[in-house]
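Input: a single structure, listed below in structure tokens.
None of the figures in this text is laboratory data; all of them are computed from the coordinates on show. Worth saying up front: this structure is predicted, and the values here are computed from it rather than measured. Reconstructed Cβ throughout: ideal geometry from the backbone, glycine too, with neighbour counts over all protein chains shown.
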Amino acid sequence: MRNKSFRQFAPALTALLALTPVIQADELTQLRDQLHALEQKLLVLERKQEIKDEAAAAAAPATPKVTISDKGYTLASADGANSIKLRGLVQLDSRLFLNDGNVLANNSFILRRARIISEGTFAQNFSFQVVPEFGGGSPAIVDANLNWTVTPALQFKFGRFKSPVGLELLQSDSWTFFDERSIVTNLVPNRDLGVLVSGDVLGGKLNYTAGIVGGGADGAQTTNSDFDNEKDLVGRLWASPFKDDAGSFTQGLSFGVSGTYGREKTAAGRTGGYRTDGQQTFYSYLATTSTDGPNWRVSPQLDYRTGSFGLLSEYVVSAVNVRTSAAGKLTELQNKAWQLAAGYVLTGENSSYAGVVPANNFDLSKGTWGAFELAARYAKLKVDDAAFPLYASPAASAGEATSFGVGLNWYLSKTVRFTFDYYQTKFGAAPGAPAALTNAVIRQDEKSVITRFQISF
Amino acid sequence: MKFKSLLFTAVALALAAGAHAKSIELLNVSYDPTRELYVDFNKAFAAHWKAKTGDNVVVKQSHGGSGKQARGVIDGLPADVVTLALAADVDALAAVARLIPPDWQKRLPDNSAPYTSTIVFLVRKGNPKGIKDWDDLVKLGVAVITPNPKTSGGARWNYLAAWEYAKRKLGSDDAAKEFIAKLFKNVPVLDSGARGSTTTFVQRGIGDVSISWENEAFLAIKEFGADKFEIVVPSISILAEPTVSVVDKVVRKKGTAEVAKAYLDYLYTDEGQEIAARNYYRPRNQAIAAKYTANFAQLKLFTIDEAFGGWAKAQKTHFADGGTFDQIYAK
């Protein structure tokens, strides 16, 4: 029975055994195919990722760059040849005048400056700047100019810009030692219209600027169109001969001279008034006075920085020919002014013409306070005695102003600064001044406290 | 006397300056597989130009998918010359950016195509999937490597060659469209250029067959070994005519018009044609073509004009936004 049963199943078993290697081989082939398919899928996925990465890497150089920093907001093309930058400046001041007999309504808050600054570069060598002003009185364009950089040694500027004369005036409004510039700035032109050529030569040790501009009165800005047919020539040489002498005591020494020369033709109303540190007028020409004939200015100037210490000094002679009527006598008046200002950064950061950068921003949670700077200034302005009484009223204008100021600057960050300044200005009477002065500002010394909260980026 | 001496010195200095050899830099914006061709050609041209004028010329190369490269030039890549995969991409420089005149193709012999090529199949050694003709590329389980026709000139030649084969065999454009749709279902990766596809197939080991420029297939075998790959020549393919042009607007600005023109003219010289042939491009010069005849398979070739009415029409029908490729690939 047992043998019979075996005989019955033997052929089937034999066939099954014979097939086993075939089944195993088929399975192996299937497994190999599956493995190959899986391997291909994996390779495809890897390759797709590789292609994606290559495309991203290739696209990166063409992607415009957006930069947001304490220097403003910049949108630049991938190669940097074209860019547009948005910056801003807001200054809120409080002015408090002491011992002025309450005759003046001058204690105030004032939005001193509120500017949205647009700057940009095209085709690498062309840049522009447009600065509208919304602070102070009515809105106005402060700067609007195009700069063409042929080489660093040869650049052209067209438009409206700061006249390259006053040292402190050329410094950014944001980073002067004091919140108001000294009385010396009264004697130099402010913004003007025209063309400048400038450049850095001798390895950047000498900067030159020369140009032709519409011509402005002392401390004044021209409007957006030229005043008359006459033009002024302006120029400045600024040397930093030791700039490459790393570590030397003289490395931060720069000095130079600037000047203007031009003519005015019966330009009534072109004579600016002179203002104190507290921005009150202490000298003005009579309405009958007009400028006629040549005018010129010369200003030697110096800036020195070493570590936390900074010093700035300038002297200006401003000469103008004036008369009271077309047939009136022509008189050349030479007004002179000078200042010496210094600052010291108490927290150890470097003093700089371009502002102090705190090592640590103000942050109570970290116990950091930013940077503190002490500043002091002495300045004097002397009006030509010949101005009185024909061209200026000795009852309404001082013949001389001597001011000193001390200040504390708190840099909460690179962009935010709080300043606390005290100024005191002593007025010298003009020749022939009566006992009863008509201008309340000059009846006593001006003592003012000006504080400013500023954001600048 | 003093003035005369100064004048003489000035003139002498000016002449000396003028006699000084100039250094000229050209940018050749080309398509993917021409890297090796133009490395050889640029050397030869620089030597030729130096001998002829005494000036040194350095030709910089830029390579990528032909369509992508054309877009780059349109967007401002300062190419003195373009040597692209097909006329449609050069046409774009005239039509979109007016960098060259519309009749640019008439400025050089052979419709500004100094060499030709065709489309073949590169398969793995032993041809494990038995690829013989275009039909085999649409079979289930065959992975086909071809670049993206939107960015690659080579891919457009591939696509059109397959389309025309299917149309002739199956009898209609509809059938051809279905054939191409099946083919692209077998494509696992779309590279942006022909060189990328070669990398995918040869170096990354993906796919069973790569539809390839003939010269690129030869180069793959030369570089990676005949023991690893082999070429399969289909029954019919397309005569691929890569075209060249000076970029007028750029050379005018850079002052390189003369040398750029000479550069392209040199492609038609015996030396230029020899270099093309040595790099597996089919030369136009018949004598040189005969010398290299063993390198190139004899197969039935049709032209773009015969099959599609020219590149402008083919481009619009198949590769423009919303064209047949978009319709197929969006599915």
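So here's what we get for this one:
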| read-out | value |
| --- | --- |
| Inter-label distance for B:Arg278 and B:Lys60, nm, one decimal - labels placed 7 Å from Cα along Cα-to-Cβ | 2.6 nm |
| Value of [θ]222 nm, deg cm²/dmol, for the protein assembly as shown, DSSP H segments ≥ 4, -39500 (n - 2.57) each, nearest 500 | -8500 deg cm²/dmol |
| Kirkwood Rh (inverse of mean 1/r, distinct Cα pairs), chain A, angstrom | 26.5 Å |
| Pairs of alpha carbons in region A:84-163 whose separation is greater than 18 Å (percent) | 57 percent |
| Crossing angle, helix A:2-59 versus chain A [Cα axis fit, 0-90 degrees, rounded to tens] | 10 degrees |
| Positive-end residue of A:Gln279, A:Asn147, A:Ala59, charge dipole of chain A with Cβ unit charges | A:Ala59 |
| Check: chain A dipole with +1 on Lys, Arg Cβ and -1 on Asp, Glu Cβ, in debye | 820 debye |
| Cα gyration tensor, region B:248-329 - rounded (a/c under 1.5), prolate or oblate | oblate |
| Of A:Lys52/B:Lys261; B:Lys68/B:Lys177; A:Lys162/A:Lys243; A:Lys65/B:Lys106, pairs whose Cα-Cα distance is over 31 Å | A:Lys52/B:Lys261; A:Lys65/B:Lys106 |
| Nearest-0.05 FRET efficiency for B:Ala175 and B:Glu36, computed from C-beta distance (R0 41 Å) | 0.60 |
| Partner chain coverage, peptide A:43-52 - average Cβ within 10 angstrom | 5 |
| Cα-Cα pairs of region B:198-237 separated by more than 11 Å (percent) | 64 percent |
| For chain A: relative contact order, % (alpha-carbon pairs under 8 angstrom, 6 or more apart) | 12 percent |
| Karplus-derived HN-Hα couplings along region A:231-238 (A = 6.51, B = -1.76, C = 1.60, θ = phi - 60°), whole Hz, x at Gly and Pro | 10, 10, 9, 10, x, 7, 10, 9 |
| FRET efficiency for A:Phe249 and A:Trp148, using Cβ-Cβ distance with R0 set to 41 Å, rounded to 0.05 | 0.60 |
| Among B:Leu86, B:Leu170, B:Leu264, residue whose mean-square fluctuation peaks in a GNM of chain B (springs only between Cα atoms under 10 Å) | B:Leu170 |
| Chain B shape via C-alpha gyration tensor axes, a/c threshold 1.5 | prolate |
| Vicinal HN-Hα couplings computed from phi for region A:200-210 (Karplus, 6.51 cos²θ - 1.76 cosθ + 1.60; Hz; Gly/Pro x) | 9, 10, 6, x, x, 7, 9, 10, 10, 9, 9 |
| Where a label projected 7 Å from the Cα of A:Leu237 along Cα→Cβ would reach, residues of region A:299-315 with amide N under 14 Å | A:299-301 |
| Neighbour cut-off at most 12 other Cβ (10 Å), DSSP loop, trypsin sites (Lys or Arg not before Pro), region B:104-151 | B:Lys125 |
| Rg over Rh, two decimals, the protein assembly as shown (C-alpha only, Kirkwood Rh) | 1.21 |
| Full-stretch length increase - A:Leu374, A:Leu111 - with 0.36 nm per residue and alpha-carbon distance subtracted | 92.3 nm |
| Global form of region A:133-191, assessed from the alpha-carbon gyration tensor, a/c cut-off 1.5 | oblate |
| Pairwise FRET efficiency - A:Lys366 versus A:Gln279, Cβ, R0 = 30 Å, nearest 0.05 | 0.20 |
| Packing-based ranking, highest mean first, of A:76-83, A:134-141 given that Cβ atoms within 10 Å are counted | A:76-83, A:134-141 |
